[in-house]
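The values are calculated or read from the model by the stated rules, or taken from the named source; none is laboratory data. Predicted model, so just to flag it, every value in this text is computed and none were measured. Cβ coordinates were reconstructed from backbone atoms using ideal geometry, including for glycine residues, and neighbour counts include every protein chain displayed.
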């Protein structure tokens, strides 16, 4: 099982978080679940590393945090995308597409 | 950007809130995850374990979050400082020792640096001080003729000044100023007021003086060339400080008339604030007067005597003028100007003239007489202070080191628990920097108190010295830099040693660390510290001993119930021919005071900073190149100061101006100029030269009473009756300044506290212009001459102990 997991490339966690939040506001645990789901359990994220990333994005103003109530009626911190976060998501998605395309091209030609 | 800042500050100041939120957030995550695993069929225990594994170290995650929030540096520092303060308050003995040591070390250095900054490094508050150049590199004073041995000129005659000014277009302006104004006060009184005439400092300067310095008047106008011409209406400029102090800045002062040395002078303006003259002085000039007013006001015969040098010269050079060729040019001009002088026209004089030269020096700090005078003293103090700082640093390094060793176990424990090495070193560094910072603050307080104290010790009785001990950025920077450097330097060593040890090693040996005790470094530090302290104590001891020795010197005088009053009959308006009557009146009136036993009148008195010397030659002997100091004195003078006559007689009523001119000499005079056993009584001497060696007949010999300074021993002196003039002199009496006697010595039969008031009223009763320039007991005057030694020995004892 462990063999199918790959470690996350540097910097992609931010992109995944932004993408996840593009679907709506979420708390940290839900984000981690969602990322896991979306990547069909292939990507392995150390759950702890999610939080420093969230705080970093919050500081940059790409996501906003509010305290709210979870599905099971618990106090939880919810994150949502800000306007600049939405722009950032586009920029990063673009950059990612270009990068993967370029890498694929290189791999294909050899 | 702003939101980022707010975010960071929220993290910093609402630390507990943010921390709690972080805890809550992570707890929520962990609980959700545990529940998820429980739902999937695990036992609760298993679920918790699995969740922990998936999540990673909670502490690490939190630290990473904090770091992500971008508050780490500020926050870590804050927490380091909090931790430090807690640690320090837990060991108050250590903290107080370190703080006191630092405060003393830094305080002493900052105090002395304040003084050095104020005295040695200060530039005149004038426009572009960098382009000012002084002609001359020595501080010869005050009026003289002839030549220094090395031909190095710094003092010039009015004539020479005018020739130099005419022939040096390289200078934008060339100003001249009185070399020795501080010893020649004037008496001044504002017209139309009831104020008493005061004896104040005044400086005679050339008309372009203020223009040369590029100054603007505070009120009215400053001196101009037109003021400095013969026959011009007499004008003066008042010093700003004096204006504030005596007239509370009264605007009407500019344009009003003052009686200066009994002559009316118009004060045309006030000098700018902060300007303290062309030099630092304990008695800055209150009035600036044009040179051409001097013959009238001060009755000074030397102003237009081409052979009498009495002026310093400072000029402002034009941009681009090179100093070296200018110096040669000025030297050549000076030689040319002096060539016509009598002194330099003889054969011998001509060879001497070739050696005459002027050295140009930077003039931005003005005439540096005081800097020269106090420079060695300040440098000695700086030396002492840096020794103190070295001791302090060694002491602190040692304390920090011992503490670092003692804390090895603690530090190893922290390292074992996962603290990063950098973090530990940082903590220890923070500790020493905080200590140094606190020490710096305390030290600064010590410094300002100390600088004030030093100033009082260094310049006793100075009323308005232009030195401010207030905070200056330089001094602040100096103190902070020093304290930080000390902190970093001695924080690094223990931190490095402690962090170098592997946690396991340290833990293993932790029980032994305290027993292991001192390292070589530590022992070395103790040795250095004790050694340096010892040096200081020895220095202190030596100074103290030399002070004791100096104070214990038999001065050959008697200071008991003696008072010294300084007056100036010249500025009070007396002509030379009126002086004898004046002196007799003074004697008579003061004798009439109950309790007064003796009234001595003399040119100057023992242990005051004054001297007047000439070359002497005994009749029938070749000139032995010997000089002697001369004092004019009345009949009771020797008794009044306690000088004993050992042979022949003192000065008495027989010695009228018309009688044979006589002199009483001191024992050194006899020892140096006569063979052992030779009887000096009845022999003649005088100024060198065939006409003058017969001028004085020796009628008595007195003990070697100490004049000028205890250090000046074996000093030839002769005393002449106050109104007798050498037979050979060609100088008319109207030009003989030496007849003006400035000191009265009163011997009373008991201590009299009201003597000063009595003396003032008695003298004012003779003539309101006869003001008292200075009043001291004889003991005070003597003690003044020991100030320097006393200060240094006190300070080094203080620091060494």
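General remarks:
- Just one of the listed residues (B:197, B:188) is at pLDDT 85 or above and either crowded, with 18+ Cβ neighbours inside 10 Å or under 28 Å from the mean Cα position of the chain (by Cα) (or both), and it is B:188.
- Some residue of segment B:5-19 being part of a helix (DSSP H, G or I), modelled with pLDDT of 80 or more and at the interface with chain A (Cβ under 9 Å from one of its Cβ atoms): no
- Residues of segment B:140-183 that turn out to be surrounded by fewer than 19 Cβ atoms within 10 Å (Cβ to Cβ), modelled with pLDDT under 90 and outside any loop (DSSP other than H, G, I, E, B), as a count: 2
- Filtering B:291, B:313, B:260, B:323 for residues that are touching a helix residue (DSSP H, G or I) at 6+ places or on another chain (Cβ under 8 Å) and farther than 23 Å from residue B:572 by Cβ leaves a single hit, B:313.
- Of the set (1) surrounded by 14 or more Cβ atoms within 10 Å (Cβ to Cβ); (2) at pLDDT 80 or above; (3) more than 10 Å from chain A (Cβ to nearest Cβ), all apply to residue B:35 but (3).
- Restricted to strands (runs of 3 or more DSSP E) entirely inside segment B:627-700, those with at least 3 residues that are buried (at least 19 other Cβ atoms within 10 Å of the Cβ) and within 44 Å of the chain's Cα centre (by Cα) are B:662-666.
- Filter pass, residue A:71 being outside any helix (DSSP H, G or I), more than 8 Å from chain B (Cβ to nearest Cβ) and within 15 Å of residue B:31 (Cα to Cα): yes
- Failed item in (1) surrounded by fewer than 16 Cβ atoms within 10 Å (Cβ to Cβ); (2) without any contact (Cβ under 8 Å) to a residue 60 or more places away in the chain; (3) more than 14 Å from chain A (Cβ to nearest Cβ); (4) touching a helix residue (DSSP H, G or I) at 6+ places or on another chain (Cβ under 9 Å), with residue B:96 passing the rest: (4)
- Of B:210, B:258, all but one fail to be touching a residue at least 60 places away in the same chain (Cβ under 8 Å) and part of a strand (DSSP E or B); the exception is B:258.
- One residue stands out among those in segment A:35-49 that are surrounded by 18 or more Cβ atoms within 10 Å (Cβ to Cβ) and either in contact with a strand residue (DSSP E or B) (Cβ under 8 Å, 6 or more places away or on another chain) or more than 8 Å from chain B (Cβ to nearest Cβ) (or both): the one that is farthest from residue A:88 (Cα to Cα), which is A:45.
- Of all residues in segment A:77-93, none are without any contact (Cβ under 8 Å) to a residue 60 or more places away in the chain, within 19 Å of residue B:32 (Cβ to Cβ) and part of a helix (DSSP H, G or I).
- Residue match in segment B:372-384 (condition: out of contact with any helix residue (DSSP H, G or I) (no Cβ under 6 Å at 6 or more places or on another chain) and part of a loop (DSSP other than H, G, I, E, B)): no
- Screening segment B:723-749 for residues that are surrounded by 20 or more Cβ atoms within 10 Å (Cβ to Cβ) and touching a helix residue (DSSP H, G or I) at 6+ places or on another chain (Cβ under 6 Å) and picking the one that is nearest to residue B:613 (Cα to Cα) gives B:739.
- A residue that is modelled with pLDDT of 80 or more and within 30 Å of residue B:378 (Cα to Cα) cannot be found anywhere in segment B:410-430.
- Qualifying residue in segment A:57-66 (condition: in a strand (DSSP E or B), away from chain B (no Cβ under 12 Å) and at pLDDT 85 or above): yes
- Among the residues of segment B:605-623, some residue qualifies, meaning at least one is in contact with a helix residue (DSSP H, G or I) (Cβ under 7 Å, 6 or more places away or on another chain) and assigned to a strand (DSSP E or B).
- Residue check: residue A:85 meets all listed conditions (1) under 26 Å from residue B:62 (Cβ atoms); (2) exposed (fewer than 12 other Cβ atoms within 10 Å of the Cβ); (3) modelled with pLDDT of 85 or more but one, namely (2).
- Flag set for residue B:128, criterion: exposed (fewer than 14 other Cβ atoms within 10 Å of the Cβ), more than 14 Å from chain A (Cβ to nearest Cβ) and more than 30 Å from residue B:439 (Cβ to Cβ).
- Only one of the listed residues (B:252, B:232) is over 30 Å from residue B:612 (Cα atoms) and assigned to a helix (DSSP H, G or I). That residue is B:252.
- Unique residue being in contact with a strand residue (DSSP E or B) (Cβ under 7 Å, 6 or more places away or on another chain) and more than 24 Å from residue B:129 (Cα to Cα) when the list is B:232, B:219, B:254: B:254
- Number of residues in segment B:61-88 that are within 8 Å of another protein chain (Cβ to nearest Cβ) and either at pLDDT 80 or above or not in a helix (DSSP H, G or I) (or both) equals 5.
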